[in-house]
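Once you've had a glance at the structure underneath, I'll fire off some questions.
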Amino acid sequence: MADAPIGIFDSGFGGLTVARAVIDQLPHEAVTYLGDTARAPYGPQPIAAVREYALECLDQLVGRGVKMLVIACNSASAAVLRDARERYDVPVVEVIVPATRRAARLTRSGVVGVLCTRATASSGAYDDAFAANPGIRVHTQVCPRFVDLVEAGTTSGPEVVAAAREYLEPVRAAGADTVVLGCTHYPLLTGAISYVLGDAVTLVSSAEETAKDVYARLVTDGLERDPALAAPEHRFLTTGRPDEFGVLGRRFLGPEVGDVDQVSQVVVA
């Protein structure tokens, strides 16, 4: 089982920032990544639909023999985490609690901003996660255009800065000194977000924090891959067009994205 890959799932491409962090922190581990690009983005969709789609994709990964599931999508984490942990007999790691835990340690003012999609905001998942820290006030800001900009390859320039100013002004006004990038697309906009918020505001990447939890869980469960084995092979799967995934995937992750296979969408019973 320790030789099996880590399964990483996202609605599209943003989870590749998590894959990048996992590969960097765990270079001996193999990754199988599935992006549900045919039905992305999940952010504007009802939670019930997100749950259905996410479970379909997680079933695909478990069926391919992964040793761990990483739900690298904030919307999906909010929708299916409890179901996933009951449904599968492999460890499940998500992106909300790791980022929340880090932000709670870093904040000085007690005000934390959370940038996220509509689905994540409506789920209340971050409010629930921060509830264990009663001294913290959470300001949630939905940033719908950020995902579109990133997937169009626009991560800098006047349009990005204008969107960042629009979304981040309420966060600044609320007095947040720590901001969670509550969507895995958002780390690619770190430059613009940091520029608008200023150096006094600390950004927390759910990708980096999730990779730390993956590492800890592998060690705790004795699931680390033997570093003496041959270099790991990474696999990339999509429900959409493999050629489009390959182009954008290399933009997000780099040259590790080689051939991309298409998988079918199977309705969960």
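Tell me, yes or no, whether the range 1-11 has at least one residue that is more than 15 Å from THR210 (Cα to Cα), in a loop (DSSP other than H, G, I, E, B), within 10 Å of the chain's Cα centre (by Cα) and in the same structural domain as PHE245 (by TED's automatic domain parsing).
Going through the range 1-11, the residues more than 15 Å from THR210 (Cα to Cα) turn out to be 1-5, 11.
This time we only want the ones that are in a loop (DSSP other than H, G, I, E, B), so: 1-5, 11.
With within 10 Å of the chain's Cα centre (by Cα) added as a condition, the list becomes 11.
This time we only want the ones that are in the same structural domain as PHE245 (by TED's automatic domain parsing), so: 11.
Yes - at least one qualifying residue is present in the range 1-11.
While we're here: Determine whether GLY258 is surrounded by 16 or more Cβ atoms within 10 Å (Cβ to Cβ) and among the small types (Gly, Ala, Ser). First the steps, then the outcome.
Details: surrounded by 16 or more Cβ atoms within 10 Å (Cβ to Cβ): no; among the small types (Gly, Ala, Ser): yes.
Here the answer is no, as GLY258 does not meet what is asked.
Matching residues to (1) within 22 Å of the chain's Cα centre (by Cα); (2) over 24 Å from ARG64 (Cα atoms); (3) assigned by TED's automatic domain parsing to the domain that holds VAL66; (4) at pLDDT 95 or above:
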residue: SER156; (1), (2), (3), (4): yes, yes, no, no
residue: GLY175; (1), (2), (3), (4): no, yes, no, yes
residue: THR178; (1), (2), (3), (4): yes, yes, no, yes
residue: PRO187; (1), (2), (3), (4): yes, yes, no, no
residue: VAL196; (1), (2), (3), (4): no, yes, no, yes
residue: VAL201; (1), (2), (3), (4): yes, yes, no, yes
residue: LEU218; (1), (2), (3), (4): yes, no, yes, yes
residue: ASP221; (1), (2), (3), (4): no, no, yes, yes
residue: ARG250; (1), (2), (3), (4): yes, no, yes, no
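Could you pull out the residue among ARG101, ARG20 that is of a type outside the set (S, T, N, Q) and in the same structural domain as PRO255 (by TED's automatic domain parsing)? Write out each step before concluding.
Numbers: ARG101 fails: in the same structural domain as PRO255 (by TED's automatic domain parsing).
Unique residue meeting the criteria: ARG20.
Please indicate, with yes or no, whether at least one residue in the range 136-147 is free of Cβ contacts under 8 Å to residues at least 12 places away in the same chain, outside the structural domain of LEU248 (by TED's automatic domain parsing), over 26 Å from GLU244 (Cβ atoms) and of a type outside the set (S, T, N, Q). Full working, then the answer.
First, the residues of the range 136-147 that are free of Cβ contacts under 8 Å to residues at least 12 places away in the same chain: none.
There is no residue in the range 136-147 that is free of Cβ contacts under 8 Å to residues at least 12 places away in the same chain, outside the structural domain of LEU248 (by TED's automatic domain parsing), over 26 Å from GLU244 (Cβ atoms) and of a type outside the set (S, T, N, Q).
Suppose the filter is β-branched (Val, Ile, Thr) and closer than 22 Å to LEU253 by Cβ; does VAL31 pass it?
Details: β-branched (Val, Ile, Thr): yes; closer than 22 Å to LEU253 by Cβ: yes.
Yes.
For LEU61, state whether it is of a type outside the set (Val, Ile, Thr), crowded, with 24+ Cβ neighbours inside 10 Å, within 21 Å of GLN262 (Cα to Cα) and modelled with pLDDT of 95 or more. Steps first, please.
Values: of a type outside the set (Val, Ile, Thr): yes; crowded, with 24+ Cβ neighbours inside 10 Å: yes; within 21 Å of GLN262 (Cα to Cα): yes; modelled with pLDDT of 95 or more: yes.
Criteria met by LEU61.
Before we move on, is ALA192 in the same structural domain as SER109 (by TED's automatic domain parsing), over 17 Å from the mean Cα position of the chain (by Cα), of a type outside the set (Val, Ile, Thr) and not in a loop (DSSP other than H, G, I, E, B)? Before the answer, list the steps.
Values: in the same structural domain as SER109 (by TED's automatic domain parsing): yes; over 17 Å from the mean Cα position of the chain (by Cα): yes; of a type outside the set (Val, Ile, Thr): yes; not in a loop (DSSP other than H, G, I, E, B): yes.
Spelling it out, ALA192 is indeed in the same structural domain as SER109 (by TED's automatic domain parsing), over 17 Å from the mean Cα position of the chain (by Cα), of a type outside the set (Val, Ile, Thr) and not in a loop (DSSP other than H, G, I, E, B).
Same structure, new question: Could you grab me the full set of residues in the range 91-137 that are buried (at least 20 other Cβ atoms within 10 Å of the Cβ), among the aliphatic types (A, V, I, L, M) and touching a strand residue (DSSP E or B) at 6+ places or on another chain (Cβ under 6 Å)? If you could, list the steps in order and put the result at the bottom.
Within the range 91-137, the first condition is being buried (at least 20 other Cβ atoms within 10 Å of the Cβ), and the residues that meet it are 92-100, 103, 107, 112-117, 119-121, 123, 125-126, 129-130.
With among the aliphatic types (A, V, I, L, M) added as a condition, the list becomes 92-93, 95-97, 99, 103, 112, 114-115, 119, 121, 125, 129.
Those that are buried (at least 20 other Cβ atoms within 10 Å of the Cβ), among the aliphatic types (A, V, I, L, M) and touching a strand residue (DSSP E or B) at 6+ places or on another chain (Cβ under 6 Å): VAL92, VAL93, ALA99, ALA103, VAL112, VAL114, LEU115, ALA121.
Only one of these conditions is not met by ALA231: (1) surrounded by 19 or more Cβ atoms within 10 Å (Cβ to Cβ); (2) part of a loop (DSSP other than H, G, I, E, B). Which number is it?
Answer for ALA231: the failing condition is (1).
The values are calculated or read from the model by the stated rules, or taken from the named source; none is laboratory data. Quick caveat, the model's predicted, so the values are computed rather than measured. Note that we place each Cβ from the backbone using ideal geometry, even for glycine, and neighbour counts take in every protein chain shown.
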